[in-house]
Amino acid sequence: MPPQDPETARWFAEEVQPHDAQLKGYLRSSFPAVHDVDDLVQESYLRIWQVRVAQPIVLAKGLLFQIARRLAIDALRHDRASPIDAGRDLAALSVFSDEPDAAEAAALQERKRHLVDAVASLPQRYREIVLLRKFEYLPQREVAARLGLSERTVENLLARAIRKCEDHLRRRGVLDRFQR
């Protein structure tokens, strides 16, 4: 939409258009993922012209770059949010996902909750050993040194703790669901 009066046309030619190359360079360097810089520049021109029609603009270059920056950010957000990438071959996309669906995610959360309850029900020393060995993945030797126990004692207490967790889960009827 070209400016309708000569004053706006002169203002555009003197205050906005001279920054075309610099604006495109800025967009290309600051937002390399933006696909069509020329479209962003044209949209920036349209928006600054619309602002100029409504009110005087003191620093056209600053406003132009601000508008272009915001448009570029919006374009990147849109591209990130859009499930379809126009540049990709859709036939090559896999329709299968390794991500769990809602039901699987809920079941996993429930299993985690039961496991946390089982570990929380353990006596303190057993719980310490389980947490260090199974959740922090510390070697048995390091667990023994940290707790002032022999490695054999850590091994025996860990085996007892696992049996106690299994018993806890079995009493609640969830052990068979863990084994799937």
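Every number here is computed from the coordinates shown, using simple stated rules; none is lab data. Quantities reported herein were computed from a predicted structural model and do not represent experimental measurements. Cβ placement follows ideal geometry from the backbone for every residue including glycine, while neighbour counts extend to all protein chains displayed.
Using a 10 Å cut-off around each Cβ, can you sort E15, E7, E166 from fewest to most neighbouring Cβ atoms?
Least crowded to most crowded, the residues run E7, E166, E15.
Please enumerate, by chain and number, the lysines with C-alpha under 23 Å from the C-alpha of K24, excluding those fewer than 8 residues away in the same chain.
K61
State, to one decimal in nm, how far the label point of L175 lies from the label point of R80, with both points 7 Å from Cα in the Cβ direction.
My value for the distance between the label points is 4.7 nm.
How large is the Rg to Rh ratio of the range 6-84 when both quantities use alpha carbon positions and Rh follows Kirkwood?
1.02
Nearest 20 debye, what's the magnitude of the dipole of the range 6-84 about its Cα centre given +1 on Lys and Arg Cβ and -1 on Asp and Glu Cβ?
The dipole of the range 6-84 has a size of about 260 debye.
Using 7 Å Cα-to-Cβ label points, what is the A21/L108 separation (nm, one decimal)?
Rounded to a tenth, the inter-label distance reads 5.4 nm.
How large is the dipole of the range 103-178 about the Cα centre if only Lys and Arg carry +1 and Asp and Glu carry -1, each at its Cβ, rounded to the nearest 20 debye?
So the magnitude is around 200 debye.
With a 10 Å Cβ neighbour count serving as the proxy for reagent exposure, in which order, fewest first, do Y137, Y126, Y26 appear?
Taking fewest neighbouring Cβ atoms as first place, the list is Y137, Y26, Y126.
Once fully extended, how much extra length lies between S30 and R10, figured as 0.36 nm per residue of separation less the alpha-carbon to alpha-carbon distance? Don't skip to the answer; put the middle values down first.
Numbers: separation 20, 0.36 × 20 = 7.20 nm, distance 2.95 nm.
Roughly 4.2 nm would be gained on extension.
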